[in-house]
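S.K.: There's a structure below that I have some questions on.
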Amino acid sequence: MSKMIVLEKLTKRFGDLTAVDAVSLAVRRGEVLGFLGPNGAGKSTTMKMVCGYLTPTSGTARVLDHDVVTEPMAVKAAIGYLPEGAPTYGDMRVSSFLRFIAQVRGFDGAEIGRRVDRVREMAALDEVFDRPVETLSKGFKRRVGLAQAILHDPEVLIMDEPTDGLDPNQKHQVRTLIKDMAQDKAIVISTHILEEVEAICTRAVVIAHGKLLADGTPEQLLRRDARHNAVVVKLAADRAKDIVAGLAALDQVAGVDALGDPVNGTAAFRARPRDGASIVLPVGDYLRSNNVTPEEMYVERGHMDEVFRAITQGEAEA
Amino acid sequence: MRNVWIIAKRELAGYFATPLALVFIVIFLALTGAFTFYLGRFFEAGQADLEAFFRFHPWLYLILIPAVAMRLWAEERKTGTIELLMTLPVTTAQAVLGKFLAAWAFCGIALALTFPVWITVNVLGEPDNGVIVAGYVGSFLMAGAFMSIGACMSAMTKNQVIAFIISATVCFLFTMSGLQLVLNFFQAWAPALIVDTVASLSFLVRFDAVMRGVIDLRDVFFFISLIAFFLFTNVIVVEVKKSA
């Protein structure tokens, strides 16, 4: 069974508001799915339904072949879930909080200690292990929430904004942890930090107004940006005019834009590819055949931000 | 049952992790003492029983139990831990029961700590200890009934102050419903059946009998079924609130 999470026309309405609108989706083992969308897009609501917190208005979700509507207990037992903001019982010590989770997860005796020690190491909680959760910094609180979610080594891990509000070092730690676990699990994370998608996700879906708008690898999403595979060239300003005209005439090039006015005798421009194909070779060949040595030349990968805005705002205008 | 026990244990430890437990117990003991010896005129009455002690329990519970109950669910909703709790493999009924039992046990601890009064009355005279045991059992059952109301009201809001006020009000209505003050209001227009029903809901009337040493099964059944009713309502409230 490779499809570990299956959403079937999952829908949630709050009164007149349709928060999640017939979302269908499947996540396989080994995938890290990034759930993208503007605030209020329905990301959290979707996750809450999959985890059995909210009951779907219609449709359903299945986790490891257990239906969340008819077998919520089996789903809850199978999933590790980090709710938004990583809520934890503030008056408990980290150690007793994790022991509580281990007990509720059905572990007994020495196994409780083993499980707690394992996540204490994984989430690097040693120095705060005996402190009340409410006295911890945001980064540690988040890691306690993460430790709680992975305590029973779940095959399905769902995390709502796992790195929100963390500093760059802490983000890196959490991402490394997620990557290390990714192989034999199905992981879903929601985020609006787009670099995160490129950093850890093998697949990304974009959701806005409760609808699924895009689904693909981060690479495929980046390809939607007109600047994906564009080549930026900087060269002496006196040759720039002919070269720009010549490049624009190439078959593979859709157009050439100047990047500002020449600075210190150097002009910069960007050649945009047709259909996102790689154009670095034809552009290089052309420059060489014209005996031009560029001062700088690089390929752009496209910007997730641009793609995200194009997808989500396009929907808003439609 | 295992899950109920785990949740109850965590909840009870939660009371003692903050000054709440200490404050509550000290105030409860100070007030029971003050009421028994001053308002109840325990010494002047010159009787070897604890009527003066038990008589004020409904009124103490009216204020103190909603204060213990108010955090049970309101705090979980406020801090978002309810989402954590309800996505663990625990049913709503298990969570409701576990929390209630913890809070009730906490009241039991406070009540048990009034044992010096019992010792005092035994030193001073020769009371009927059966009556006193009945009084304790009745008082504990009544505390449970107040607590189930408080827990249920706590689930309705994420604001602990509102939870406190609503549950104190509901508890007040249950306490007072047997008094002539309330019954007069109903007698003016309602049929006898309704008047009797309202009167039968009164904690005061029920507790009065138990306090005198008469443990009527109907009274025990009344408190237990009231607890069951409010816990059942509590489950429904939690379910409804989380999906709204």
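The values are calculated or read from the model by the stated rules, or taken from the named source; none is laboratory data. Source: prediction; values computed, not measured. Virtual Cβ from ideal backbone geometry, glycine too; neighbours counted across all protein chains shown.
S.K.: Within segment B:56-89, count every residue that is surrounded by fewer than 19 Cβ atoms within 10 Å (Cβ to Cβ) and over 30 Å from residue B:177 (Cα atoms).
M.R.: 4
S.K.: Every residue in segment B:29-58 that is within 20 Å of the chain's Cα centre (by Cα) and touching a residue at least 40 places away in the same chain (Cβ under 8 Å), please.
M.R.: B:29, B:32, B:33, B:36, B:50, B:51, B:53, B:54, B:55, B:57, B:58
S.K.: Give B:99, B:9 a once-over and let me know the one that is within 10 Å of chain A (Cβ to nearest Cβ), among the basic types (Lys, Arg), touching a residue at least 24 places away in the same chain (Cβ under 8 Å) and farther than 28 Å from residue B:205 by Cβ.
M.R.: Just a single option satisfies the conditions, and that option is B:9.
S.K.: Let me confirm something: among A:151, A:157, A:64, A:136, which residue is more than 9 Å from chain B (Cβ to nearest Cβ), out of contact with any helix residue (DSSP H, G or I) (no Cβ under 6 Å at 6 or more places or on another chain) and touching a residue at least 12 places away in the same chain (Cβ under 8 Å)?
M.R.: A:157
S.K.: Does at least one position in segment B:19-39 carry a residue that is surrounded by 22 or more Cβ atoms within 10 Å (Cβ to Cβ) and within 14 Å of chain A (Cβ to nearest Cβ)?
M.R.: No, segment B:19-39 contains no residue that is surrounded by 22 or more Cβ atoms within 10 Å (Cβ to Cβ) and within 14 Å of chain A (Cβ to nearest Cβ).
S.K.: Among the candidates A:91, A:117, A:108, single out the residue that is within 14 Å of another protein chain (Cβ to nearest Cβ) and either without any contact (Cβ under 8 Å) to a residue 12 or more places away in the chain or closer than 28 Å to residue A:46 by Cα (or both).
M.R.: Testing whether each residue is within 14 Å of another protein chain (Cβ to nearest Cβ) and either without any contact (Cβ under 8 Å) to a residue 12 or more places away in the chain or closer than 28 Å to residue A:46 by Cα (or both) leaves just A:108.
S.K.: Taking residue B:93, is it part of a helix (DSSP H, G or I), in contact (Cβ under 8 Å) with a residue 12 or more places away in the chain, at negative phi and surrounded by fewer than 18 Cβ atoms within 10 Å (Cβ to Cβ)?
M.R.: yes
S.K.: Of everything in segment A:228-275, what is of a type outside the set (A, V, I, L, M, F, W, C) and surrounded by 19 or more Cβ atoms within 10 Å (Cβ to Cβ)? Give them in sequence order.
M.R.: A:228, A:229, A:272, A:273
S.K.: Which residue, of A:24, A:44, A:58, is in the same structural domain as residue A:106 (by TED's automatic domain parsing), in contact (Cβ under 8 Å) with a residue 60 or more places away in the chain, surrounded by fewer than 17 Cβ atoms within 10 Å (Cβ to Cβ) and not aromatic (Phe, Trp, Tyr)?
M.R.: Just a single option satisfies the conditions, and that option is A:24.
S.K.: Sticking with this one: Scanning for something part of a loop (DSSP other than H, G, I, E, B) and either of a type in the set (D, E, K, R) or exposed (fewer than 13 other Cβ atoms within 10 Å of the Cβ) (or both), does segment A:118-131 turn up at least one residue?
M.R.: Within segment A:118-131, one or more residues are part of a loop (DSSP other than H, G, I, E, B) and either of a type in the set (D, E, K, R) or exposed (fewer than 13 other Cβ atoms within 10 Å of the Cβ) (or both).
S.K.: For residue B:161, are the conditions met, namely being away from every other protein chain (no Cβ under 14 Å) and in contact (Cβ under 8 Å) with a residue 40 or more places away in the chain?
M.R.: Here the answer is yes, as residue B:161 does meet what is asked.
S.K.: Can you name the residue in segment B:125-184 that is within 22 Å of residue B:212 (Cβ to Cβ), polar (S, T, N, Q) and not in a loop (DSSP other than H, G, I, E, B) and, of all such residues, is modelled with the highest pLDDT?
M.R.: B:139
S.K.: Continuing with this model, one more query. Would you check if residue A:227 is charged (D, E, K, R) and in a helix (DSSP H, G or I)?
M.R.: So residue A:227 fails the test.
S.K.: Before we move on, is residue A:31 away from chain B (no Cβ under 12 Å) and in contact with a Ser or Thr (Cβ under 7 Å, 6 or more places away or on another chain)?
M.R.: The answer is yes for residue A:31.
S.K.: Looking at segment A:4-57 only, could you name the residues that are β-branched (Val, Ile, Thr) and either under 17 Å from residue A:159 (Cβ atoms) or in contact with a strand residue (DSSP E or B) (Cβ under 8 Å, 6 or more places away or on another chain) (or both)?
M.R.: Selection gives A:5, A:6, A:11, A:18, A:20, A:23, A:27, A:32, A:45, A:46, A:50, A:57.
S.K.: Of the residues B:41, B:10, B:2, which is closer than 21 Å to residue B:58 by Cβ and of a type in the set (Lys, Arg)?
M.R.: The match here is B:41.
S.K.: Another question about this same structure. Within segment B:11-50, which residues are of a type in the set (D, E, K, R) and at pLDDT 80 or above?
M.R.: B:11
S.K.: If you don't mind, there's one more thing I want to ask. Among the candidates B:93, B:134, which residue alone is within 14 Å of another protein chain (Cβ to nearest Cβ) and small (Gly, Ala, Ser)?
M.R.: Criteria check complete, one pass: B:93.
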